[in-house]
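**Q** Pasting a structure below so you can have a look.
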Amino acid sequence: MKVKPDYSTIWTVIGFFIVYQLLLIPEILLMTLNNKIVTSLLSLIILALAVRFISYTFKYVSKIAYWQNDFVKRNSYTIFTVSVLLILLLQWGDSFLIAHGVLSNTQNQSENIAALNRNPIFMLVFGLVIAPILEELIFRGLFYKSLLVNLNTSEIKQRSLTLMIAVNTLIFTLPHLQTFSLEILPYIIMSVIFSINFIYYKKISVPIILHIFNNLIAIFLF
């Protein structure tokens, strides 16, 4: 009997992402407040809620059993090392093209830069720690573990993994953009990199580390 992935889990991923986006709503208020005490209090509330949501999401994802058999060899750090170099190249290239007017900052990047200038401590904590952890738990951990939980080595085909990565890239990339242009390419590449590392190493900590590293480089360059 041929086993196929249950793509209905995509709605679960979207549900978690919607909750994550609702968590960001108070961040909009931070852009308009001038009272330091109120801003600090609201920042602490947002971070506390984010940490609670991370805890809940991690427990939810952890309850989903991994696919039971290995289907790739995981005895080297080659994929991770290449991914780090690709992130450096991608971020430098993106910054170079923006500086020379070939590309422009996406609305997501512009909003993050403005928020960073206004509330640097909060944005550093949220952008470098909270967001990468939550996004990887949702988009990589929840997505792939839910799809691959009942599959074994013989049932996982290259085309199935390619399709999963394509779908994952789509639902990860679209919420980050408001228009379709060349600015979509970095998000597509990053999503593929994170997906490959999670599938290869079977550890959610790997794409989380890469995501944090990517955001850190982006902050220094922009």
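**Q** Quick check on this structure: which one of Ile87, Ile64 is under 30 Å from Leu161 (Cα atoms), among the β-branched types (Val, Ile, Thr), modelled with pLDDT under 90 and open to solvent by less than 70 Å² (accessible area, probe 1.4 Å)? Walk me through how you get there before you give the answer.
**A** Values: Ile87 fails: modelled with pLDDT under 90.
Ile64 is the lone residue from the list that is under 30 Å from Leu161 (Cα atoms), among the β-branched types (Val, Ile, Thr), modelled with pLDDT under 90 and open to solvent by less than 70 Å² (accessible area, probe 1.4 Å).
**Q** What's the number of the only condition in (1) touching a Phe, Trp or Tyr at 6+ places or on another chain (Cβ under 9 Å); (2) modelled with pLDDT of 85 or more; (3) among the aliphatic types (A, V, I, L, M); (4) under 16 Å from Phe17 (Cα atoms) that Leu177 fails to meet?
**A** (2)
**Q** Restricting the search to the stretch 32-48, which residues are part of a loop (DSSP other than H, G, I, E, B) and surrounded by 15 or more Cβ atoms within 10 Å (Cβ to Cβ)? Before the answer, list the steps.
**A** Going through the stretch 32-48, the residues part of a loop (DSSP other than H, G, I, E, B) turn out to be 32-35.
Within the stretch 32-48, just Leu33 meets the criteria.
**Q** Right, another one. Look through Phe96, Phe58 and report the one residue that is at pLDDT 85 or above and part of a helix (DSSP H, G or I). Break it down stepwise before answering.
**A** Numbers: Phe96 fails: at pLDDT 85 or above.
Exactly one residue qualifies, and that residue is Phe58.
**Q** In the stretch 182-212, which residues are free of Cβ contacts under 8 Å to residues at least 60 places away in the same chain, surrounded by fewer than 16 Cβ atoms within 10 Å (Cβ to Cβ) and either of a type in the set (A, V, I, L, M) or in a loop (DSSP other than H, G, I, E, B) (or both)?
**A** If the condition is that a residue be free of Cβ contacts under 8 Å to residues at least 60 places away in the same chain, surrounded by fewer than 16 Cβ atoms within 10 Å (Cβ to Cβ) and either of a type in the set (A, V, I, L, M) or in a loop (DSSP other than H, G, I, E, B) (or both), then Ile184, Leu185, Ile188, Lys203 are the ones that fit.
**Q** When you check Arg140 against the structure, is it basic (Lys, Arg), under 27 Å from Leu22 (Cβ atoms) and modelled with pLDDT of 85 or more, yes or no? Even if it seems obvious, please write down each step before you answer.
**A** Working: basic (Lys, Arg): yes; under 27 Å from Leu22 (Cβ atoms): yes; modelled with pLDDT of 85 or more: yes.
In short, yes.
The values are calculated or read from the model by the stated rules, or taken from the named source; none is laboratory data. Bear in mind the structure is a predicted one, so any value in this text is a computation, not a measurement. Methodologically, a virtual Cβ is constructed for each residue, glycine included, from the backbone with ideal geometry; neighbour enumeration extends over all protein chains shown. For the accessible areas, the whole protein counts, side chains as well, though only heavy atoms, and no ligand, DNA or RNA atoms are used. Shrake-Rupley method; radii C 1.70, N 1.55, O 1.52, S 1.80 Å.
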